[in-house]
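Notes follow the structure.
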Amino acid sequence: MKSAIMVLIMLPLVCLVVSVLLYLMNRSRYKELISDFQQQHTLPAPYLLHCNIGYIGSPLMTYFFIRLKKNKKIFFLNRNDNAYNFAHEGQNLKKINNLKPLYYTFLLGFSCCFLLSIIAILIKAQII
């Protein structure tokens, strides 16, 4: 049990370092993708905030572009908006695919932190 918890403690740190490195390697593509989108369309309010935060907002912006690529509903964006075609224009699909590891690394780290907090609550409640 102790070794499993140690892995859960170390994994978010590793994910943080890897996601920062992925962001730094893909920063130009990330900014170019946002710039291209803003030239043609208007970003919904929450995503407009996140695109200006840099690394901290990058997982949410990547999530936004992944949802565009899959033509899934996005908050504050009308379903029949032309913005849903953005992911399939030019090199945008390739840029979005390059940003996917950043999103999934962040998600893995967040999931481990969430699991650690659940384990901590269970230990504090003396259930484990």
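The values are calculated or read from the model by the stated rules, or taken from the named source; none is laboratory data. Everything quoted here is computed from the prediction, not taken from an experiment. A quick note on method: Cβ atoms are made from the backbone with ideal geometry, for glycine too, and the neighbour counts reach across all protein chains shown.
Taking region 75-93, which residues are in a helix (DSSP H, G or I) and surrounded by 16 or more Cβ atoms within 10 Å (Cβ to Cβ)?
Ala83, Tyr84, Phe86, Ala87, Asn92
Name the pairs whose Cβ atoms lie under 8 Å apart, with the first residue in region 1-28 and at pLDDT 85 or above, the second assigned to a helix (DSSP H, G or I) and β-branched (Val, Ile, Thr), and 6 or more positions between them or separate chains?
So the pair list comes out as Cys15/Thr105; Val18/Thr105; Ser19/Thr105; Leu22/Thr105.
Quick one: is Pro46 over 18 Å from Tyr63 (Cβ atoms), within 15 Å of the chain's Cα centre (by Cα) and at pLDDT below 95?
In short, no.
Mind checking which helices (runs of 4 or more DSSP H) fall wholly inside region 1-74 and carry at least 3 residues that are in contact with a helix residue (DSSP H, G or I) (Cβ under 6 Å, 6 or more places away or on another chain), surrounded by 16 or more Cβ atoms within 10 Å (Cβ to Cβ) and not polar (S, T, N, Q)?
2-40, 58-69
The rows are residues; the columns are (1) under 23 Å from Gly54 (Cβ atoms); (2) touching a Lys or Arg at 6+ places or on another chain (Cβ under 9 Å).
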residue: Phe75; (1), (2): yes, no
residue: Asn85; (1), (2): no, no
residue: Gly90; (1), (2): no, no
residue: Leu99; (1), (2): yes, yes
residue: Tyr103; (1), (2): yes, no
residue: Cys113; (1), (2): yes, no
residue: Leu116; (1), (2): no, no
residue: Ile121; (1), (2): no, no
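Looking at the structure I just gave you, is Leu115 surrounded by 15 or more Cβ atoms within 10 Å (Cβ to Cβ) and part of a helix (DSSP H, G or I)?
So Leu115 fails the test.
Take the conditions small (Gly, Ala, Ser) and either touching a helix residue (DSSP H, G or I) at 6+ places or on another chain (Cβ under 7 Å) or part of a helix (DSSP H, G or I) (or both) and apply them to Gly109. Does it pass?
Yes.
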